[in-house]
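Only one structure is covered here, and it is reproduced in the block below.
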Amino acid sequence: MAHIELHTPISEAAIRALHVGDQVSLHGMAVTARDAAHKYIMENFIRPPAVPASEQALHAELQRLWRGGVMYHCGPVVRQDDAGRWHFVSAGPTTSIREEPYEADVIAHFGLRAVIGKGGMGPKTLAACREHGAVYLHAVGGAATLIASSVQEVTAVYKKEALGVPEAFWVIRVAGFPAVVTMDAHGQSLHERIAEGSAQRLAALMAR
Amino acid sequence: MENLVPHFVELIRRAATDLPADVEAALRRARGQEEAGSAAQGTLDAILENVQMSRERSTPICQDTGTPIFYVYYPTGWSTLTLKKQIREAVAEATAKSYLRPNSVNSLTGRNTGNNLGEDFPYFHFEEWEEDYLKVELMLKGGGCENVGAQYSLPDTRMDADRDLEGVRRAVLDAVYQAQGMGCAPAVIGVAIGGDRGTSYLKSKEQFYRPLEDAHPDPKIAALEQRLIEEANELGVGPMGFGGKTTVLSVKIDSLERLPACYFVSASYMCWADRRRTLIYRDGQATIE
C-alpha cells in the first residue's frame, strides 16, 4: 500500500502504476457529475450521431477538462459569497453504482483517468478502467466537511439552472483531495473481493 | 401562536452539523475495535475528524442532507397548520444558509425547487399528546442509504425464511449483505415486522429515533437485536465497504399488527451519519437535545 500524489492532467503511465489499496492525494482540476449529468451526457454527447449545436461549447470544455482528467460523483452543498463567487461547504461523494450503466462509455468518450465516488462500481466500469487506463478512487462517504476543505476554488459551474445545484457540473480545483484506489487498471476491484467474502460469511450464517 | 421559526432553524442546523453523542461514541468504540493501520480504522479516523470539523464550522456533516423527517408532538389546542407553515419557512431559511442542500426534485420535470419545499416535502407526522409542551423530532435521512433499504414478504424460499423471528433474522442479514458499502456503513438498521408495505417502512424508519444504547422492552426482540448486531458484523463488509469488523453500529426492531395474508419485514438503512435532534419547547423556552 503506497501513498501517491496525483496531478492533473494524469498520464496513462501514472494510472497503470496504481493498485487497489493505494492511497492517493489528488491535485488539480476535477468536475462533478452525478445522475442528471450522466443522463445529459448520454443524451447529448454519446448517443446522438452529432452533438447538438447548443451543447457544443460545454462539450468542448468538458473534453478539455476531462482528457486525462477526473470526474467526481458529488452533489455539493455550496455557498455564494457577496462577490458572487461559489464555495464548496460540504462535498462528500455520492453512491457511484447508479452510473454503472453509463460510465464505461463516458470514460471512453472523454479519456477520463479517474472517477471518484463511493461504494464502488461494477464489471462494465472495471473493464473500461483496464481498457482505457483509468481508476476508480473511493472517497469516504459522508466526510463532507473534511473533503470540502481540500477544494481550493470553484472555477465554473455549468447547467446549474437545468439540473439544479446538486446535479450541476461544478468545476473545482483541489489540493490534497484524499482517496483510495479500490478499482485499478489491472482488473482488480476491492468491492468484488469484499462482496465475495461477505457472501461466503452470509451463507455460513444462514446455515446456523 | 408564537413565532418558533428561529428555533426550528436551529434544530435543523444542529441536526445537519452536530452528530448526536451516542452515534459519535459508537463510532469511537468501532474505531478502537478495528485493526491498527487498517483501511477500516483509517476510514473511521476520517469520519471522526469530519464530525469534529463539521461541528466546529457549523457545516453539514454530509452534503446529502437527505429528506428532513419531522415528527411533531403537540399539546391540545395547537395549530398543526401554523406549525407546518413555520417549519417549512425554517427549512427554506436553513437551505439559504447552506445548512441543507436543496434536495427536492420534481419527479416528472426533474426540476429542483431549490429550497427543499415541495408539495409533500419535507415529510411531517403530527401527533397530539397529553403533555403540555411541544416536542419536534427531526431526522435527516440520506438518499444513498435510502436506496439500500429492503422489504421482504415472508415466506421467502430464496433464503429459507419462514414467518417467524428466524425468518426476520434471515431477511435482515440479507439486507445488510446486499447493501455492501453502498449505504455508507457502519449503519444503524431499523427493522419493522408486520404492517402493510407503507406502514412497515415507516415503522422501520421510526426506529432511528431510538437511542443507540436502548433495548426493546420485549426480551425476545431485544435478544434478536443483539444477535443481529453481532452477526451482521461477522459479514466483514466494514466501514464504507472496505472490509473490517464494523458493518453495523446497531439494529433496532419493532413490530406492527399485520393482515393474516401479509408478513412484511422492512429493513431501513441509516448511514453512519445518523443525524437526528429533538427540540423541546416548554414555557417559552426552547432546548435542543
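The values are calculated or read from the model by the stated rules, or taken from the named source; none is laboratory data. Computed from a prediction, not measured in an experiment: that's the story for all the values here. When we count neighbours, we look across all protein chains shown, and the Cβ atoms used for this are built from the backbone with ideal geometry, even at glycine. Protein only, heavy atoms only, side chains kept; ligands, DNA and RNA dropped before computing areas. Shrake-Rupley method; radii C 1.70, N 1.55, O 1.52, S 1.80 Å.
Of the residues examined, B:ARG31 is one that is modelled with pLDDT of 95 or more, part of a helix (DSSP H, G or I) and buried (at least 17 other Cβ atoms within 10 Å of the Cβ). Scanning region B:162-175 for residues that are at the interface with chain A (Cβ under 9 Å from one of its Cβ atoms) and without any contact (Cβ under 8 Å) to a residue 24 or more places away in the chain gives a single hit, B:ARG170. For the criterion of being buried (at least 19 other Cβ atoms within 10 Å of the Cβ), facing chain A (nearest Cβ under 9 Å), part of a loop (DSSP other than H, G, I, E, B) and touching a Lys or Arg at 6+ places or on another chain (Cβ under 6 Å), B:THR65 passes. In this structure, B:GLN178 does satisfy being open to solvent by 40 Å² or more (accessible area, probe 1.4 Å) and either more than 26 Å from A:MET121 (Cβ to Cβ) or within 14 Å of chain A (Cβ to nearest Cβ) (or both).
Restricting the search to strands (runs of 3 or more DSSP E) fully inside region B:244-289 and requiring at least 2 residues that are within 21 Å of B:ASP218 (Cα to Cα) gives B:248-255, B:264-270. Remark: pairs (first residue in region B:81-107, open to solvent by 10 Å² or more (accessible area, probe 1.4 Å); second residue outside any loop (DSSP other than H, G, I, E, B) and hydroxyl-bearing (Ser, Thr, Tyr); Cβ separation under 7 Å; 6+ apart in sequence or on different chains) = B:TYR99/B:THR17; B:PRO102/B:THR95. The requirement of being out of contact with any strand residue (DSSP E or B) (no Cβ under 6 Å at 6 or more places or on another chain), more than 9 Å from chain A (Cβ to nearest Cβ) and without any contact (Cβ under 8 Å) to a residue 12 or more places away in the chain is satisfied by B:GLY32. Taking the conditions (1) assigned by TED's automatic domain parsing to the domain that holds B:ILE193; (2) open to solvent by less than 30 Å² (accessible area, probe 1.4 Å); (3) in contact with a Lys or Arg (Cβ under 6 Å, 6 or more places away or on another chain) in turn, B:ILE280 satisfies each one other than (1).
Check whether at least one residue in region B:203-214 is touching a helix residue (DSSP H, G or I) at 6+ places or on another chain (Cβ under 6 Å), open to solvent by less than 40 Å² (accessible area, probe 1.4 Å) and more than 9 Å from chain A (Cβ to nearest Cβ), and report yes or no. Looking through region B:203-214, at least one residue is touching a helix residue (DSSP H, G or I) at 6+ places or on another chain (Cβ under 6 Å), open to solvent by less than 40 Å² (accessible area, probe 1.4 Å) and more than 9 Å from chain A (Cβ to nearest Cβ).
Restricting attention to region A:44-59, does a residue exist that is within 24 Å of B:GLY183 (Cβ to Cβ) and out of contact with any Pro (no Cβ under 9 Å at 6 or more places or on another chain)? There is no residue in region A:44-59 that is within 24 Å of B:GLY183 (Cβ to Cβ) and out of contact with any Pro (no Cβ under 9 Å at 6 or more places or on another chain). Would you call A:ALA139 under 12 Å from the mean Cα position of the chain (by Cα), touching a residue at least 40 places away in the same chain (Cβ under 8 Å) and open to solvent by less than 30 Å² (accessible area, probe 1.4 Å)? So A:ALA139 fits the description; yes.
The residue of region A:104-118 that is farthest from B:GLY42 (Cα to Cα), among those that are open to solvent by 10 Å² or more (accessible area, probe 1.4 Å) and assigned to a helix (DSSP H, G or I), is A:HIS109.
A quick yes/no check of all residues on (1) part of a helix (DSSP H, G or I); (2) more than 26 Å from B:GLU231 (Cα to Cα); (3) touching a His at 6+ places or on another chain (Cβ under 7 Å); (4) facing chain B (nearest Cβ under 9 Å):
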| site | (1), (2), (3), (4) |
| --- | --- |
| A:GLY120 | no, no, yes, yes |
| A:THR125 | yes, yes, no, no |
| A:TYR136 | no, yes, no, no |
| A:GLU161 | yes, yes, no, no |
| A:ILE172 | no, yes, no, no |
| A:HIS191 | yes, no, no, yes |
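The set of residues in region A:72-86 that are within 9 Å of chain B (Cβ to nearest Cβ) and in a strand (DSSP E or B) comprises A:VAL77, A:VAL78, A:ARG79. For region B:119-160, the candidate set comprises residues that are open to solvent by less than 30 Å² (accessible area, probe 1.4 Å) and free of Cβ contacts under 8 Å to residues at least 24 places away in the same chain; within that set, the residue that is nearest to the other protein chains (Cβ to nearest Cβ) is B:MET159.
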